[in-house]
Amino acid sequence: MPPLKHVSTVCANTVTLPVREAGVIAEADVLVVGGGPAGLGAAVGAADAGADVLLAERYGFLGGSATAALVMPLMSYHTQQPSPRQAGSVTLFPTDHGFGEPVIAGVLKRLVDKLVERHGAIAPTPETGYVVPFDPEVFKSVALELLDASGVRYLLHSLASGVLGGRVVEGVVFETKSGPIVIRARTVVDCTGDADIAAFAGARYVIGRERDGVTGPMTLMFRMTGFDRDQFLAYVRSHPDQWYGVHGLWDLIREATLRGDLSLQREDILLFGTPHNGEVVVNSTRITGASGIDVCDLSHAEREGRRQMDQIALFLRHYVPGFRDAYVVQSGSTVGVRGTRRIIGDYVLTADDVLQARKFNDVIARGAYPIDIHNPNGPGTIIRRLPPDEAYDIPLRCLLPRGVDRLAVAGKCISGTYEAHSSFRAAPICVATGQAAGVCAAIAALGCTSPHEVPARVVQDELLRQGANLRGMR
Ligand SMILES: Cc1cc2nc3c(=O)[nH]c(=O)nc-3n(C[C@H](O)[C@H](O)[C@H](O)COP(=O)(O)OP(=O)(O)OC[C@H]3O[C@@H](n4cnc5c(N)ncnc54)[C@H](O)[C@@H]3O)c2cc1C
């Protein structure tokens, strides 16, 4: 049976649900909703700023897209320099651009250091590339350890479904196996990736591309093990026009397509190495025309992603040297959703801000990852890089939803355009905006004030005390 046919979730045929009661099971200075990269940053940042913090997450583990959707590796958080395009570079890690200074530190540094210490990641170096390959299972454990070390309480298996207080958020309602529950907080940080809490509170937002609302394609990621890296790299060395950095295989794709064995939805195969020698993570499925906040679309995307994954895995095994004995050991527990809602904040970050490496007085995080737009309608990816050795600032105003109080937002759903989002959605930048939102929320909660009233300078001082990198600050 196919998944339910697409029907708009806002449909004509509605019923009124019975009024129900919910137990208030906890109170906190700061409630962080969502335990992905942004949620980790927010919870640790808020706790280290002295707040009593509770993090609630819908799944039974932390890490968000990094673990649930197997989105690997952590993308670049270093400035880059142009280096000559080297066809056939023999690597499974991107080294195509020179490697500069890290522009993010703080909680991200703690996360990466702990992952490396636990042999769950490869630290970025000019030789291994400017990304951080990691093991998602180690990531899940390290994320819990980070919360424990900062004294953050957490509740798993809790899906936020509403807010108390409307535009002045007083608490959040969660659906759980114990029935509906409520957690009250002085300030809430929305790290759901979809701006769920902001939307429940009535905040204004945009979805996808400004001109037509189209969102970036989804991808079901998967790991293959039993992969012979030496054989693969030997093939790449002997076919230097067929592999560039971490993607390619154009001739083999053409051959398989002509034989009817493959109908790839993107332009090439994109593979990343992991910390394990016999393993790659494959980022090559592409599901277009589906919304990550529509349950019918999501059901369709899971089906379509799995169909594409099976076909790509067979292609790799039958056509690509090094994959003969490889098999899919794990696919994402959920399809990866690149973007849905973005709040409209007191400032909207633009592609120009990113590409001009613009600086702001109220900087609270920095990014150096390029604009990276996956075609929402089919093959093609646009990459536009920052100037060499440069980074852009993200202002505090991008984290504060206009017209809603006692709420800060972090991660991929902060205030920015569709194009700017393709840069600031990189997981390391989400950790950094998370830490800043957590710090702002903690200062607001402890001072009984609104996040909108917290001076940027106070947030910056605390972030610097916590080891964040705000070098672009003026
Ligand atoms: C296919 C794909 C490939 C990508 N490739 C890379 C890459 O190689 N490197 C990189 O750095 N970035 C990559 N990204 C981007 C990056 O993974 C995400 O943008 C980043 O993880 C976003 O972090 P976040 O914390 O904002 O949201 P998420 O990682 O989505 O985390 C949100 C968390 O909130 C929880 N949640 C959601 N709704 C609720 C709710 N209502 N109640 C309770 N909990 C809730 C979720 O379960 C999740 O744990 C990729 C993204 C995709 C989709």
- Counted residues in region 349-361 being surrounded by fewer than 19 Cβ atoms within 10 Å (Cβ to Cβ) and either modelled with pLDDT under 95 or not small (Gly, Ala, Ser) (or both) come to 6
- Task: For region 393-404, indicate whether the set of residues that are part of a loop (DSSP other than H, G, I, E, B) and touching a Cys at 6+ places or on another chain (Cβ under 7 Å) is non-empty.
- Result: no
- Val182, sole failed condition from (1) touching a strand residue (DSSP E or B) at 6+ places or on another chain (Cβ under 9 Å); (2) at pLDDT below 95: (2)
- Query: When the residues of region 354-371 are filtered to those that are among the charged types (D, E, K, R) and either under 8 Å from Asp393 (Cα atoms) or without any contact (Cβ under 8 Å) to a residue 60 or more places away in the chain (or both), which remaining residue is nearest to the ligand (Cβ to nearest atom)?
  - Reply: Arg366
- Message: Can you say whether Gly193 is under 17 Å from Ile343 (Cα atoms), away from the ligand (no atom under 11 Å from the Cβ) and either in a helix (DSSP H, G or I) or in the same structural domain as Gly411 (by TED's automatic domain parsing) (or both), as far as the supplied structure shows?
- Response: no
- Query: With respect to Leu271, is the statement that it is within 22 Å of the chain's Cα centre (by Cα), within 14 Å of the ligand (Cβ to nearest atom) and assigned to a strand (DSSP E or B) true?
  - Reply: yes
- within 24 Å of Gly380 (Cβ to Cβ) and at pLDDT below 95, is that true of Phe272? yes
- Out of all the residues in region 212-241, which are in contact (Cβ under 8 Å) with a residue 40 or more places away in the chain, under 28 Å from Ala290 (Cβ atoms) and of a type in the set (Gly, Ala, Ser)? Gly216
- Query: If you go through region 148-163, how many residues are surrounded by fewer than 18 Cβ atoms within 10 Å (Cβ to Cβ), within 15 Å of the ligand (Cβ to nearest atom) and not in a strand (DSSP E or B)?
  - Reply: 2
- Query: Can you tell me which residue in region 17-53 is nearest to Thr449 (Cα to Cα), limited to those that are within 13 Å of the ligand (Cβ to nearest atom) and in a loop (DSSP other than H, G, I, E, B)?
  - Reply: Gly34
- Within region 106-131, the count of residues that are outside any loop (DSSP other than H, G, I, E, B) and modelled with pLDDT of 95 or more comes to 13
- Item | Unmet requirement for Tyr244, which otherwise passes all of (1) hydroxyl-bearing (Ser, Thr, Tyr); (2) surrounded by fewer than 21 Cβ atoms within 10 Å (Cβ to Cβ); (3) touching a residue at least 60 places away in the same chain (Cβ under 8 Å); (4) assigned by TED's automatic domain parsing to the domain that holds Pro401 | (4)
- Note on the structure: Among the residues of region 362-392, the number that are surrounded by fewer than 24 Cβ atoms within 10 Å (Cβ to Cβ) and in contact with a Phe, Trp or Tyr (Cβ under 7 Å, 6 or more places away or on another chain) is 1
- Which of (1) in a loop (DSSP other than H, G, I, E, B); (2) in contact (Cβ under 8 Å) with a residue 40 or more places away in the chain; (3) in contact with a helix residue (DSSP H, G or I) (Cβ under 8 Å, 6 or more places away or on another chain) does Ala408 not meet, given it meets every other one? (1)
- Message: Just to check your reading of the model, which residue among Thr95, Thr91, Thr16 is at pLDDT 80 or above and outside the structural domain of Ala436 (by TED's automatic domain parsing)?
- Response: Thr16
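The values are calculated or read from the model by the stated rules, or taken from the named source; none is laboratory data. For clarity, every value in this text was computed on a predicted model and none was experimentally measured. Positions of Cβ are generated from backbone atoms using ideal geometry, with glycine treated the same way; all protein chains shown enter the neighbour counts.
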